[in-house]
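What follows is one structure encoded as structure tokens, with my remarks underneath.
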Amino acid sequence: MKEKSLTIESRRNWVKEGMLKSVGDGSDTLFWHNIWVGEMPLKEKYNRLFGISLDKEAVIAKMGNWNQGVWEWTWKWRRNLFAWENELLQELIKELQTISLKQGQQDAWTWKYNQEGKYTVKTTYKHLCQQHTIGSTSGQRIPTKDNLKSRGLKGQDDDKCVLCGVEVESVEHLFFKCEVSWSIWASCYDWWNLKTVGQGKGWIHIEQHTGLVSRGLMKEMWIVIWFATIWSIWLWRNQKIFKDEADSWERVLELIKFRSFYWCKTTLCPDLVQDKWRSKPKEGHKRLQQ
Ligand SMILES: [Zn+2]
């Protein structure tokens, strides 16, 4: 049981891990906490330096200055660095040289499973499927019940989906085919006052989803809702398996609204209004009304 929950915990951030900050002027990205250079947050890779930094919560833009068009880092430490810490700092500086900040350009999110660096639902979907179908020793798969079972982990006698309790749980089923998940998707369509032609499966569902909104900022937000819904279904499913109490269906919908609001506000639309977003999302921002 312990091994199982560890596996889940280590994988539960798969959506978050896929989201990378693509840095512009660095004014919206936390230097130590966000993943924006390399594969992990700098606070993890350079844990020792983070420990003595006086700028633990600073955004990148506050970690240096522009000097005649050239960015210069400034470091504030709690004490003088030891020689080996200085070596570590040189390593960090070298890593930072692989990224160039861009004056006057906003930070944006990208999706790392797409080689072009832009998140798309298609690459996310491919990534989900790969996690689900790659050989069982890779350790890269989402631990849905059917592949936990195929890996021989104990306590998985029941491989049924915890949402509906009827079908075998798989990525395809959990996120798209399950009637409970589907009713969540349907509520999102209601929320956006969109009509859908019925329950698409797998990739068809995603194409239908993104096709419902034609273009522009609204479409970008609608795609964020796709991510937020996937992410929320996944967390809900984990709650149901590992916690004594799980959120109600209504609460999950509220969480989707909250999470998508937060993502949209921080990445697409700083002046989005939460109350409006929850009731009439298309009126939550001036630009959306056009
Ligand atoms: Zn189900």
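The values are calculated or read from the model by the stated rules, or taken from the named source; none is laboratory data. Worth saying up front: this structure is predicted, and the values here are computed from it rather than measured. Positions of Cβ are backbone-derived with ideal geometry, glycine not excepted, and every protein chain shown enters the neighbour counts. What goes into the accessible areas is simple: the full protein's heavy atoms, side chains included, and nothing from ligands, DNA or RNA. Shrake-Rupley method; radii C 1.70, N 1.55, O 1.52, S 1.80 Å.
The calculated FRET efficiency for the pair Thr210 and Ala83, based on their C-beta separation and a Förster distance of 45 Å, comes to about 0.25. Packing, as the average of other Cβ atoms within 10 Å across residues, places the peptides 213-225, 257-269, 237-249 in the order 257-269, 213-225, 237-249, highest first. Split the accessible area of segment 24-106 by element, probe 1.4 Å, and carbon with sulfur accounts for 48%.
Going down the table (Lys240/Lys280; Lys62/Lys282; Lys195/Lys276; Lys177/Lys243), which pairs top 32 Å between alpha carbons? Let's see the in-between values first.
Details: Lys240/Lys280 30 Å; Lys62/Lys282 34 Å; Lys195/Lys276 20 Å; Lys177/Lys243 24 Å.
Pairs exceeding 32 Å: Lys62/Lys282.
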